[in-house]
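In what follows, a structure is listed as structure tokens, so that the remarks can point back to it.
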Amino acid sequence: MCKIIPPHSFQRGTGRPILSANLAVLRAMAGHRTELIDIDMASPSAQLLFGRQDSELVHTINGYLLGWCAIEQTVHDLSRRLGIHDEGRLFLIPSSAGTSEIAPMTRRDFDVDQLNRGFQGLAASH
């Protein structure tokens, strides 16, 4: 069964990305398959917390929502990089920090149903 833990805060600067990253790592280290999905389109940071630069990310959640790629292409396995072995795995689905991918997201609404379908597809495939 898939569990979704959506951290939320009404204020910026409350540490939501750091809390989410740490929770994801702890779950993966405890043997759970964990996906951390950064949908903060205006100020993405999850990839930076894991030492990934935008130049390393071929596909992001922005690209999926803009119809440029399949959601499966946005998944980045961080398990080996973080020393997570055994059954646990940590996957990151980042938002892009690049202006070419942020700008289109701020100019239009994205399809929340498309995002939900993508999440369900990932849950079913793993």
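For residue 33, what residues show an amide H to amide H distance below 5 Å, using hydrogens built from the backbone and excluding near sequence neighbours?
89
How far apart, in nm, are the 7 Å Cα→Cβ label points at residue 87 and residue 52?
For the pair residue 87/residue 52, the computed spacing is 2.5 nm.
Count neighbours as other Cβ atoms within 10 Å of each site's Cβ, and list the GluC sites (Glu not before Pro) in segment 17-96 that are DSSP loop with at most 15 such neighbours.
Within segment 17-96, the qualifying GluC sites (Glu not before Pro) (loop, at most 15 other Cβ atoms within 10 Å) are 87.
Note down the relative contact order for segment 16-125 as a percent, whole number, built from C-alpha pairs under 8 angstrom at least six residues apart.
34
By average Cβ neighbour count within 10 Å, what is the ranking of 39-51, 111-123 from highest down?
Packing order, densest peptide first, comes out as 39-51, 111-123.
Considering the convex hull of the alpha carbon atoms of segment 1-49, report its projected area averaged over all viewing directions, in nm², one decimal.
Taking the Cα atoms of segment 1-49, their convex hull projects to 3.8 nm² on average.
Using the Cα atoms of the chain to build a convex hull, what is its mean projected area in square nanometres?
7.8
If I take R0 = 35 Å and measure r between the Cβ atoms of residue 18 and residue 111 in this structure, what FRET efficiency does the formula 1/(1 + (r/R0)^6) give, to the nearest 0.05?
0.75
What does the helix-only formula give at 222 nm for the chain: each DSSP H stretch with n ≥ 4 adding -39500 (n - 2.57), the total divided by the residues, and the result rounded to the nearest 500 deg cm²/dmol?
-10500 deg cm²/dmol
Hey, what do the phi angles of segment 15-32 turn into as Karplus ³J(HN,Hα) couplings, whole Hz, using 6.51/-1.76/1.60 and θ = phi - 60°, x for Gly and Pro?
Couplings: x, 4, x, 5, 4, 4, 4, 5, 4, 4, 5, 4, 5, 5, 5, 7, x, 9 Hz.
None of the figures in this text is laboratory data; all of them are computed from the coordinates on show. Just so it is clear, the model here is predicted, and its values are computed rather than measured. Don't worry about glycine lacking a Cβ; one is built from the backbone with ideal geometry, like all the others, and counts go over all protein chains shown.
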